[in-house]
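Beneath this line is the structure, given in structure tokens, with notes to follow.
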Amino acid sequence: MTDIHYTSDDGLDLYAWAYGPDTAPLTVLCMHGLTRNHKDFEPMIEALGSPYRFIAVDVRGRGRSQRAADPATYTPVHYAGDMIALLNHLGIEKTALIGTSMGGLMAMLMAKSVPEKISGVVLNDVGPVVEAKGLARIAAYAGAPEPVSDWSTAAAKTAASQTIAFPDYKDEDWLAFARRTWRETGDGQLELDYDAQITKSLGESKPSLMLRFAMWRLFNAMKPFPLLVTRGETSDVLSPKTAKLMIKRHPDGKLVTIPGRGHAPMLDEPAAVSAISQFLKKIEAQS
């Protein structure tokens with residue numbers, strides 16, 4: 001496991017974490033959702049136990065990456081640009097992408113801008129159409145984070161906002177979840193590990209026919225690569241209708257529904273592990 005430090009085009013100090021050797025037969029870039037960080041992929045990587053090199057990022061404003069002075073740069077376009085800077089920094093010529101929620105939107109943008117670097121894409125519970133109900137729910141719990149005094153409270157607050165996605169989680173699962181998403185401050189408090197300003201653009205998002213058309217055109221940029229879509233069975237962000245249409249429009253796409261999960265699966269679920277393992281082996285064989 002290796003720390004990676006690199007610089008964005010606008011001068012931010014950014015961070016990623018590499019699991020596995022750089023001599024691995026396949027590199028997989030893992031991009032998290034709105035309020036998460038690189039640790040979000042630790043359960044998946046452990047469950048996969050594969051020989052590949054996984055690079056999990058802290059998107060700007062999260063985890064160990066620098067907070068942006070200008071909140072207007074907290075957009076998927078800037079995030080995708082940061083990922084391209086990371087690939088260039090590491091000299092990676094080809095990579096598979098795994099993107100959860102916001103990370104999936106970043107993957108679509110990367111497929112459009114640097115298709116020559118992409119070998120395949122996993123979109124985890126996201127697509128060209130993001131359901132307004134799910135977006136509103138995320139904005140409600142993410143927009144005003146408040147510090148807490150102990151880990152049990154952090155775990156309880158995590159459960160309160162995420163039980164809809166993980167109804168079978170037990171106390172130990174919520175504590176592990178909290179330890180991946182909260183951090184200790186200098187005054188003995190705990191706070192969520194992201195800049196509260198990252199949610200500002202959510203309130204400004206107004207779905208329109210023009211935007212949906214543009215998003216489907218962006219999705220079409222992924223047609224040259226194999227595609228795996230994982231959808232939480234009860235997701236309020238990626239609808240069954242949109243997920244099925246994505247596969248219908250993609251020449252080499254597969255949809256896997258993760259039972260008992262909402263938005264978004266952790267990807268350590270047996271159905272997800274099996275699907276991703278097979279998908280990565282397929283990409284390796286085609287390399």
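Between T163 and T185, what FRET efficiency follows from the Cβ-Cβ distance if R0 is 35 Å, with the result rounded to 0.05?
Numbers: r = 26 Å, r/R0 = 0.73.
FRET efficiency, T163 to T185: 0.85.
Rolling a 1.4 Å probe across all protein chains gives H263 an accessible area of roughly 20 Å². The length gained on full extension between T2 and R67, counted as 0.36 nm times the residue separation minus their Cα-Cα distance, comes to 21.2 nm.
Taking all protein chains together and a 1.4 Å probe, the residues M1, M215, M246 rank M1, M215, M246 from largest to smallest accessible area.
If contacts are Cα pairs under 8 angstrom and at least 6 residues apart, what is the relative contact order of the chain in percent? After rounding, I find 20 percent. By the combined test of axial Cα extent (at least 18 Å) and Kyte-Doolittle hydropathy (mean at least -0.5), the qualifying DSSP H helices of the chain come to 76-90, 270-286.
At a 1.4 Å probe radius, carbon and sulfur cover how many percent of the accessible area of region 42-173?
The computed percentage sits at 56.
Of all DSSP beta bridges in region 1-87, what percent run antiparallel (nearest 5)? Just about 75 percent of them are antiparallel. Dividing the summed -39500 (n - 2.57) terms of all DSSP H runs of n ≥ 4 by the residue count of the chain sets its mean residue ellipticity at 222 nm at -11500 deg cm²/dmol. Cross-linked pairs K94/K248; K39/K282; K94/K223: Cα-Cα separations exceed 19 Å for K94/K248; K39/K282. A crude spin-label estimate for the pair E46 and E233, with each label 7 Å from Cα along the Cβ direction, gives 2.4 nm.
Counting only heavy atoms of the protein chains, get the accessible area per residue of the chain (1.4 Å probe) and round it to a whole Å² value. Each step should come with its number before you reach the end.
On the way: 12700 Å² over 287 residues.
Per residue, the chain has 44 Å² of solvent-accessible surface.
Once both labels are positioned 7 Å from their Cα atoms along Cα-to-Cβ, the gap between K248 and A132 label points is 2.3 nm.
Between F213 and E93, take the C-beta separation as r, use R0 = 25 Å, and let me know the FRET efficiency to the nearest 0.05. Let's see the in-between values first.
On the way: r = 33 Å, r/R0 = 1.30.
It comes out at approximately 0.15.
For V114 and V77, the difference between the fully extended length at 0.36 nm per residue and the C-alpha to C-alpha distance is 12.0 nm. Take the Cα of Q278, step 7 Å toward its Cβ, do the same at D22, and the gap between the two points is 3.4 nm. Looking at the chain, the DSSP beta bridges with both ends there are about 40 percent antiparallel. Round to the nearest 0.05 the FRET efficiency obtained for N220 and A156 when R0 = 41 Å and r is the Cβ-Cβ distance. My answer for the efficiency is 0.45. Taking only the alpha carbons of the chain, we obtain Rg and Dmax values of 17.7, 54 Å in that order.
The values are calculated or read from the model by the stated rules, or taken from the named source; none is laboratory data. Every value quoted in this text rests on a predicted model; they were computed, and no experiment measured them. FYI the Cβ positions are ideal-geometry reconstructions off the backbone, even for glycines, and counts take in every protein chain you see. Areas reflect the complete protein model, heavy atoms only, side chains present, ligands, DNA and RNA absent. Shrake-Rupley method; radii C 1.70, N 1.55, O 1.52, S 1.80 Å.
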